[in-house]
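I have placed the structure first, in the form of structure tokens, so that the comments after it can refer back to it.
The values are calculated or read from the model by the stated rules, or taken from the named source; none is laboratory data. Because the structure is a prediction, the values reported are computed rather than measured. Virtual Cβ from ideal backbone geometry, glycine too; neighbours counted across all protein chains shown.
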Amino acid sequence: MKTLKFHKNKELPLHGLPFVGGKQKDGLGLNFFDVPATGGYSGGNTTGSALAWLWLKHIETNGAEPFSSLGLVIRDMTEVEDESRYGQLVGFMDVIGRVISKLIADYKVHFTQDEVELLAKANAGLNYVEKEPEYADD
């Protein structure tokens, strides 16, 4: 099972995030959400929320350098086939990401979550096994 890890010594801090790496599905560039689709809904939710906190901590520390990256993360998280829709999604989410970045900076928001604990939570979600619901015999 693949586990996520921080990528040290990257030129851009964004590229050091544990979910950034590998190639896009079309092979043309860096994948901004290189996360295995494992753990079912519950595990996926756990992983996704932990990774969102890591992204927010990244924005707190680095700002929107030179773009927020949120659009690229969402783009690579989805299965959109149409280039126009990809562009719309990236443009829309980039603005949202820039606003989030500005609010974090202006209001001096500080996130206290521990990055190592968040990464462990994300990996736990990847390895989560959904249990089949138990139904009483009628």
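Some notes on this structure:
- Here Lys5 clears all of (1) modelled with pLDDT of 95 or more; (2) surrounded by 14 or more Cβ atoms within 10 Å (Cβ to Cβ) except the condition numbered (2).
- Taking first residues from the stretch 6-25 that are touching a residue at least 12 places away in the same chain (Cβ under 8 Å) and partners that are in a loop (DSSP other than H, G, I, E, B) and among the β-branched types (Val, Ile, Thr), the Cβ contacts under 7 Å between residues at least 6 apart in sequence or on separate chains come to Leu14/Val20; Phe19/Val35.
- Taking the stretch 76-90 as the range and being assigned to a helix (DSSP H, G or I) and modelled with pLDDT of 80 or more as the test, the residues that pass are Asp76, Met77, Glu83, Ser84, Arg85, Gly87, Gln88, Leu89, Val90.
- Tabulated pairs, the stretch 93-110, first in contact (Cβ under 8 Å) with a residue 40 or more places away in the chain, second loosely packed, with under 13 Cβ neighbours inside 10 Å, C-beta under 8 angstrom, 6+ apart or interchain: Val109/Leu103
- Total residues in the stretch 45-60, condition surrounded by 17 or more Cβ atoms within 10 Å (Cβ to Cβ) and of a type in the set (S, T, N, Q): 2
- Enumeration of residues in the stretch 16-44 that are surrounded by fewer than 16 Cβ atoms within 10 Å (Cβ to Cβ) and under 21 Å from Val129 (Cα atoms): Pro36, Ala37, Thr38, Gly40, Tyr41, Ser42
- Filter pass, Leu103 being surrounded by 13 or more Cβ atoms within 10 Å (Cβ to Cβ) and either outside any loop (DSSP other than H, G, I, E, B) or aliphatic (A, V, I, L, M) (or both): no
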